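Everything below concerns the one structure shown next.
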């Protein structure tokens, strides 16, 4: 009886000592089995010699995140918040107009000093009060404080036409100035006001940009 | 040298089990190519990358359940299972047995050489023989092929292969022998004289 079934295990050194000894004894006397053994060994060697294919890309899953990811995400969030704050502050300080009719409205002001002026100044006040309600006293309009008694009187007649009237000393004062100095009124509507660095819109764009970056990084962190 | 390497490896495994993603990635890089060459011979080049990537991801997710001593055997087990699953899903009738029924192992299973061909004593280095071997491997039943590749290419011991394929050692022994025999027969049929033992 040839121990054919044991020959492979013999090659792989997977036989217990007793079985191994038995096979060796048999091999000593059996040429057929020696031949078979050689063939099996040769086959195993050929299999081992097969060319090894390599993958075309890395197959390691990305389960870790780069060390800089979380800190940059935090910084981006803070930068976005800071830029947003600067946008709001900058916009408030520069008395941001949300419509483009403000300049032409102020220009005709010197032409109609009495009747026309209150109407146009109402328009200006209307647009300006949206944002400048709280900041107008400090808006640097070059408002002369001596004009305050007059705005009081004007305000009472124009409450229905203005959205918010509290603290709107500036627009009536602008009307006052418009009535006296035409070119001055024109220049007043042009932003000669102090601004916080570049135009407010720049800060808004930065805020959105940093915010988007923080969002993308946060997603990447979550995905890991 | 080998002891130091396996110690470093054990440290990586420990870190990875604790959730260290970088340690796991390092372990994965070390087994990436061996896993791939097994997968290629099991499922072919088209699906091999998918199989390996799935296996590595599954390994990362189930690291907490790794208890044995050999990380390599464990990850090969995951990959081999995925490869076999992929093969099963390709067949239309998954109930077909992957192993042929047990047969008597007598002289009839040893193919005799065809008409005496040219001397091919140095076939070990000959590409033609390797092509024959490659072809023969693809005709093997999947589980025989897996056992044979794990033994002859990856060098796993029979005990490890038993763990990887979740069968008894006797089954491993039988599969390896049958697989090798089939490849040997294919070679002999093409005129191979067998290299000197």
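The values are calculated or read from the model by the stated rules, or taken from the named source; none is laboratory data. Not measured: the values here are computed from a predicted model. FYI the Cβ positions are ideal-geometry reconstructions off the backbone, even for glycines, and counts take in every protein chain you see.
Things worth noting here:
- Qualifying residue in segment A:8-15 (condition: part of a helix (DSSP H, G or I), more than 7 Å from every other protein chain (Cβ to nearest Cβ) and at negative phi): yes
- Condition met for residue B:98 (within 17 Å of the chain's Cα centre (by Cα), assigned to a helix (DSSP H, G or I), more than 12 Å from chain A (Cβ to nearest Cβ) and modelled with pLDDT under 95): no
- Any hit, segment B:120-132, residues being modelled with pLDDT under 95, at the interface with chain A (Cβ under 8 Å from one of its Cβ atoms) and over 20 Å from residue B:37 (Cβ atoms): yes
- Every residue from segment A:25-36 that is more than 10 Å from chain B (Cβ to nearest Cβ), part of a helix (DSSP H, G or I) and in contact (Cβ under 8 Å) with a residue 12 or more places away in the chain: A:26, A:33
- Matching option when the condition is modelled with pLDDT under 90 and more than 9 Å from chain A (Cβ to nearest Cβ), among B:62, B:70: B:70
- Residue identified as more than 8 Å from chain A (Cβ to nearest Cβ) and surrounded by fewer than 18 Cβ atoms within 10 Å (Cβ to Cβ) among B:146, B:189, B:142: B:189
- For segment B:33-48, a residue qualifies if it is within 7 Å of chain A (Cβ to nearest Cβ), free of Cβ contacts under 8 Å to residues at least 40 places away in the same chain and surrounded by 18 or more Cβ atoms within 10 Å (Cβ to Cβ), and the qualifying residues are B:36, B:40.
- Segment B:157-181 - residue that is buried (at least 22 other Cβ atoms within 10 Å of the Cβ) and more than 7 Å from chain A (Cβ to nearest Cβ) and, of those, nearest to residue B:44 (Cα to Cα): B:179
- Every residue from segment A:37-74 that is at the interface with chain B (Cβ under 7 Å from one of its Cβ atoms) and in a helix (DSSP H, G or I): A:37, A:38, A:39, A:40, A:41, A:42, A:43, A:44, A:45, A:46, A:47, A:48
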